[in-house]
1. Residue by residue through region 53-73, note down the ones that are over 15 Å from Ile5 (Cα atoms) and over 16 Å from the mean Cα position of the chain (by Cα).
2. Is there a residue in region 37-56 that is open to solvent by 70 Å² or more (accessible area, probe 1.4 Å) and of a type in the set (Asp, Glu)?
3. Could you please find all residues in region 154-184 being buried (at least 18 other Cβ atoms within 10 Å of the Cβ) and over 18 Å from the mean Cα position of the chain (by Cα)?
4. Need the failing condition index for Ser151 against (1) touching an Asp or Glu at 6+ places or on another chain (Cβ under 8 Å); (2) surrounded by 22 or more Cβ atoms within 10 Å (Cβ to Cβ), just the number.
5. Here is a check on your reading of the model: is Glu125 among the charged types (D, E, K, R), more than 14 Å from the chain's Cα centre (by Cα) and surrounded by 15 or more Cβ atoms within 10 Å (Cβ to Cβ)?
6. I need every pair where a residue in region 168-184 that is farther than 17 Å from Leu15 by Cα has its Cβ under 7 Å from the Cβ of a residue that is of a type in the set (Lys, Arg), sequence separation at least 6 or different chains.
7. Among the residues of region 104-120 satisfying the criterion of being of a type outside the set (Val, Ile, Thr) and open to solvent by 80 Å² or more (accessible area, probe 1.4 Å), which is farthest from Thr79 (Cα to Cα)?
8. Quick one: Met1 ticks every box in (1) surrounded by 18 or more Cβ atoms within 10 Å (Cβ to Cβ); (2) aliphatic (A, V, I, L, M); (3) at pLDDT below 95 bar one, so which box is it?
Amino acid sequence: MNEKICALFGVIGPLLAYVSIGVSIALSPWFSWERDALSDLGHAVESGVAPIFNFGLFLTGFFLTIYAVKVLKGYAKWTGYSLVISAFTLQLVAVFDEVYGLLHLVVSILFFVSLGVTSLFYAVERKSYSAVAAFAIGLISWIFYWAEICSIGIAVPETISSVAVLFWITPSALRIYMSACHTK
């Protein structure tokens with residue numbers, strides 16, 4: 001597959017996630033940022049938007065895996081491998097939705113921890129301040145949640161920590177894409 005197209009998967013993948021989450025929220029008047037998890041939208045029994053939400057996460061994991069394997073690992077080897085793990089755990093969040101109880105909790109925790117680890121790998125490999133900032137923002141959002149500093153639902157740190165990672169994934173993908181455009 002063409003390197004330019006694969007580089008764009010680093011942008012398309014996350015975009016798909018946020019479009020499917022946004023559509024799911026828009027179609028779910030019951031959803032509350034003060035009490036819900038994003039995964040409540042993917043509950044196969046209790047949410048009418050579960051197919052939209054879960055398929056969006058699954059596709060995001062697919063696109064990010066291709067980006068990581070075909071392009072990113074040549075640019076930041078260990079980050080590429082780590083992003084494959086993050087993408088796979090995201091797919092597991094979609095497959096093992098809240099119906100699976102503890103299994104869903106475990107894969108969700110693995111996903112968010114792996115995002116932080118992937119950001120740290122990128123920070124070290126590429127000397128990226130944006131990856132350090134993404135890690136710090138994500139960690140602080142989780143500390144605020146667990147310390148109950150604000151009255152927020154778990155969807156808030158889930159969103160903040162995952163959006164923060166876009167500060168380095170999207171620019172890296174676009175940089176690789178632009179480089180591929182100039183070399184061909």
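The values are calculated or read from the model by the stated rules, or taken from the named source; none is laboratory data. Because the structure is a prediction, the values reported are computed rather than measured. Positions of Cβ are generated from backbone atoms using ideal geometry, with glycine treated the same way; all protein chains shown enter the neighbour counts. What goes into the accessible areas is simple: the full protein's heavy atoms, side chains included, and nothing from ligands, DNA or RNA. Shrake-Rupley method; radii C 1.70, N 1.55, O 1.52, S 1.80 Å.
1. Hit for region 53-73 is Lys73, nothing else.
2. Step one: of region 37-56, the residues open to solvent by 70 Å² or more (accessible area, probe 1.4 Å) are 45-46, 48, 51, 55.
Going one step further and asking which of them are of a type in the set (Asp, Glu), we end up with 46.
Yes, some residue in region 37-56 is open to solvent by 70 Å² or more (accessible area, probe 1.4 Å) and of a type in the set (Asp, Glu).
3. Passing the criteria: Ile176, Tyr177.
4. Ser151 satisfies every listed condition except (2).
5. So Glu125 fits the description; yes.
6. Ala180/Lys4; Cys181/Lys4
7. Step one: list which residues in region 104-120 are of a type outside the set (Val, Ile, Thr), which gives 104-105, 108, 110-112, 114-116, 119-120.
Narrowing the set further to residues that are open to solvent by 80 Å² or more (accessible area, probe 1.4 Å) leaves 105, 110.
On the way: Leu105: 24, Leu110: 16 Å.
Checked region 104-120; the qualifying residue farthest from Thr79 (Cα to Cα) is Leu105.
8. (1)
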